[in-house]
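Written out below as C-alpha cells is the structure these notes cover.
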Amino acid sequence: LLISSMLDRKLMRLEHGKLIEVADLSRYAPAPCNDIVVDEAGRTYVGNFGWDTTVDDMLRATDLLRVDPDGSVHVAATDVMFPNGAVLTPDGRTLILAETVGILIGNEYHATDTTIYGLMLVLFIIFMPKGILGTLLERR
C-alpha cells in the first residue's frame, strides 16, 4: 500500500504495519502532496498543491511528479494547476488528470515523461465550490 504523506511531502509504503519512506518529494513539491495513481509497472504519479494555500492566495503552477519503483523522482508534467484526481486509462498509455483550479481542457503531450503517451488535463463542466475534488474513470 502506497501513501501520499501530504505535509512532509513524502511517498510512503506500508509494510508489515510500519511506514517505510519510498521517496522524499520535498525538493520537488513546493506544497503538500495529494492524490497518487500507480501504473502497472509500479511507477507512482504524485500531485501537489503548488503553493501553501494557508498563507498565500496567489495561484501557482506546479509539476506532476513520477516516482519509479527504485524511489527515484522525475518530473512527469510541468505547469499544472493543483494536479488532482489522477487516473490511468485501461491501456496504461494516458494519464487523465484534473486540475483543481486549472482553466485548460485538452491534451498536453510532454517530453519529460516517456512512460505515458499523453497527459489529458480535464476541466469539468460542473464546478465544485472549492474546485475539482476527484476523478473517476470507469470501464463499461
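Side notes on the structure shown:
- Among the conditions (1) modelled with pLDDT of 95 or more; (2) buried (at least 19 other Cβ atoms within 10 Å of the Cβ), the only one that Ile20 does not satisfy is (2).
- The residues of region 50-71 that are in contact with a Lys or Arg (Cβ under 9 Å, 6 or more places away or on another chain) and on the phi < 0 side of the Ramachandran plot, listed by number, are Trp51, Arg66, Val67, Asp68, Pro69.
- Tallying residues that are without any contact (Cβ under 8 Å) to a residue 24 or more places away in the chain, surrounded by 15 or more Cβ atoms within 10 Å (Cβ to Cβ) and among the small types (Gly, Ala, Ser) within region 1-17 yields 0.
- Top-ranked residue of region 26-62 - restricted to ones that are among the aliphatic types (A, V, I, L, M) and more than 12 Å from the chain's Cα centre (by Cα), ranked as farthest from Pro83 (Cα to Cα): Ala41
- Criterion violated by Ala61 - all others in (1) over 21 Å from Leu95 (Cα atoms); (2) without any contact (Cβ under 8 Å) to a residue 24 or more places away in the chain satisfied: (1)
The values are calculated or read from the model by the stated rules, or taken from the named source; none is laboratory data. Only a predicted model underlies this, so the values are computations on that prediction, with no experimental measurement involved. For neighbour counting, all protein chains shown are included, and Cβ atoms are generated from backbone atoms with ideal geometry for every residue, glycine included.
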